[in-house]
Amino acid sequence: MKVKCVILFILVIFCFMSMSGCSGLEEEAGEEETAVTESVEEAEAAAEAEKAVVYGPGTTVLNPEPGLPDRPESKLSEYEKYPSREAPVYEGIEFDKNSLRFSEIFSDFDTVTANPDAFRKAAEDGTIELYLRGRAFELEFDVAETFTPKVIMENESGFYTEETAPISNYRGKVAGIEDSRVAMTAGENVVIGSIDIGYVENYCIEQTNRTLNGKVIHVVYSSADRKPREFTEYPEL
């Protein structure tokens, strides 16, 4: 009888210790799960913070990616407001986009004409604000160089040199975005360039071989406008 009581007492103690141990493990597991949840939430918050990019002063948007609903709609009428209505650098125009080779690469882009003199004058103080594909950018230049190329001409008297229209090159960044690069060139009837926002997105202004009312037609697009690459699969030989 004493032996049975001792065994029963040992079993009770063992069960109590086992139950206490499980309770401790559950508490530790709960603490670990809470810590993991908090870590995940912190990581998600950090990721969202990294997505926030400032395009110009006081404007915060998500990094633009194809298909995001918050991507601003580009309006041709907005181009003539920058840097001012009195002397806009670009003017949005309606043009048959399908007639341009860019339609093979990009799902959408804007067609504009340019005023290089307005660009040079507005950029004299080292800054300029431009509208491109739905966003306004304040550009800051730390390099501005203008040169006048010369070409060799020939007539009945022989060869001679002649100066052409000046070409101005600008280098800098987007205001408020350290990891950004800007390169712009203003020449005869053209203002072309590129704006790189780190490894997030880039904007480009290119000239075409088309003109409208004597002005060179430009196209404005961003990396988010690029069509997905299509691959053709061929049967095995």
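The values are calculated or read from the model by the stated rules, or taken from the named source; none is laboratory data. From a predicted model like this one, the values you see are computed outputs, not experimental measurements. For neighbour counting, all protein chains shown are included, and Cβ atoms are generated from backbone atoms with ideal geometry for every residue, glycine included. Side chains included, ligands, DNA and RNA excluded: accessible areas come from the protein's heavy atoms. Shrake-Rupley method; radii C 1.70, N 1.55, O 1.52, S 1.80 Å.
Side notes on the structure shown:
- GluC sites (Glu not before Pro) lying in DSSP loop within the range 194-236, provided at most 14 other Cβ fall within 10 Å: E230, E233, E236
- Probe 1.4 Å, protein heavy atoms only - accessible area per residue of the range 93-193 in square angstrom: 55
- Across the options F109, V191, T127, the greatest Cα extent toward the positive end of the charge dipole of the range 88-196 (unit charges at beta carbon of Lys, Arg, Asp, Glu) belongs to F109.
- Heavy atoms of D179: accessible area, 1.4 Å probe, square angstrom to 10: 80
- Mean Cβ count within 10 Å, highest first, over the residues of peptides 79-85, 193-199: 193-199, 79-85
- Ellipsoid equivalent to the range 95-229 - semi-axes via the Cα gyration tensor, in Å: 29, 22, 12
- Carbon plus sulfur fraction of accessible area for the range 144-202, probe 1.4 Å, in percent: 49
- The GluC sites (Glu not before Pro) of the range 121-165 that meet both conditions, a loop assignment by DSSP and at most 11 other Cβ atoms within 10 Å of the site Cβ, are E124, E156.
- Using the Cβ-Cβ distance between R181 and T232 with R0 set to 35 Å, the FRET efficiency works out to roughly 0.50.
- Cα-based Lys pair tally, the range 85-237, threshold under 22 Å, eight or more apart or on separate chains: 4
- Largest-first principal axis extents, alpha carbons of the range 173-222, Å: 39, 18, 12
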